[in-house]
Amino acid sequence: MKLQLALDDITLEDALELVEKVKDYIDIIEVGTPLVIEEGMRPVRALRKHFPDKEILADLKIMDAGYYETEEALKAGADYVTVLGVTDTLTVKGCVEAANAYGKEVVVDMICVSDMPKRIAELEDAGVHGLSVHIGVDQQAAGIEPIDDLRLMKAHTRKAKISVAGGINIDTIPMYAKEKPDVMIVGGGICHAKNPIVAAKEIYEALKGCE
Ligand code: 5RP
Ligand code: MG
């Protein structure tokens, strides 16, 4: 299981400083959607330059112009780009085509997908590389957790890699790790912790201890 650190409500300067301190505990650096909104592809370029050996995911949550937007992130140095599962399959196919041309991967964010089994089958047929269970921050505030969707996704996925996100922290890591996703995504659980470095280390060790 890989640990993906989501850098969301953070400045680029602070993100670079944080990643430098926790780089031994994380496998994938996520340039989160709010950071992309603030800075565009600048964080992807900067993180690629400072951490050439780390995997980088650009959480663009693409909804249209699949090929073009995916290519923008890949040209900047991303290894993974996200597209929304609720969008048209034509857009997803554009993302997959761009990713394949660069030897990189597309991860589908399944936030708000209502018929998960049906959409998983369609997306796997479209050639996506990864699927991500995601309960967004607004849904988290209403008390929703991603565990049930993770179990559902595990039951219906044939070959795509599975990741999970949505308010995961050191206390809930064991419950999610038991389901054996390929990637565990943590944002606030590290970035908003009293001590983000200690939190990253503890989460990383808990994750590797569950393998
Ligand atoms: C929000 C996101 C976040 O990056 C993702 O949910 C992980 O953050 P957190 O662990 O704080 O939920 O994509 O749309
Ligand atoms: Mg994100």
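Taking the condition surrounded by fewer than 20 Cβ atoms within 10 Å (Cβ to Cβ) and among the aliphatic types (A, V, I, L, M), does A58 pass? For A58, the condition - surrounded by fewer than 20 Cβ atoms within 10 Å (Cβ to Cβ) and among the aliphatic types (A, V, I, L, M) - is not met. Residues that are farther than 28 Å from H50 by Cβ and of a type in the set (S, T, N, Q) within region 61-95 comprise T87, T89, T91, listed in sequence order.
Can you tell me which residue is least open to solvent (accessible area, probe 1.4 Å) among those in region 179-199 that are of a type in the set (A, V, I, L, M, F, W, C) and away from ligand 2 (no atom under 16 Å from the Cβ)? Across region 179-199, the extreme among qualifying residues is A199.
The residue that is most open to solvent (accessible area, probe 1.4 Å), counting only those in region 93-113 that are closer than 9 Å to V128 by Cα and among the charged types (D, E, K, R), is K93.
Of the residues that sit in region 153-178 and are more than 18 Å from I111 (Cβ to Cβ) and in a loop (DSSP other than H, G, I, E, B), which one is most open to solvent (accessible area, probe 1.4 Å)? This residue is K178.
Residue-wise test of (1) closer than 29 Å to P174 by Cα; (2) within 16 Å of ligand 1 (Cβ to nearest atom); (3) touching a helix residue (DSSP H, G or I) at 6+ places or on another chain (Cβ under 6 Å).
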{"site": "Y68", "(1), (2), (3)": "no, no, no"}
{"site": "T82", "(1), (2), (3)": "yes, yes, no"}
{"site": "G85", "(1), (2), (3)": "yes, yes, yes"}
{"site": "V92", "(1), (2), (3)": "no, no, no"}
{"site": "A98", "(1), (2), (3)": "no, no, yes"}
{"site": "D115", "(1), (2), (3)": "yes, no, no"}
{"site": "E124", "(1), (2), (3)": "yes, no, no"}
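The values are calculated or read from the model by the stated rules, or taken from the named source; none is laboratory data. Given the structure is predicted, the values throughout are model-derived calculations rather than measurements. We place every Cβ from the backbone using ideal geometry, glycine too, and count neighbours over all the protein chains shown. Only protein heavy atoms, including side chains, enter the accessible area calculation; ligands, DNA and RNA are left aside. Shrake-Rupley method; radii C 1.70, N 1.55, O 1.52, S 1.80 Å.
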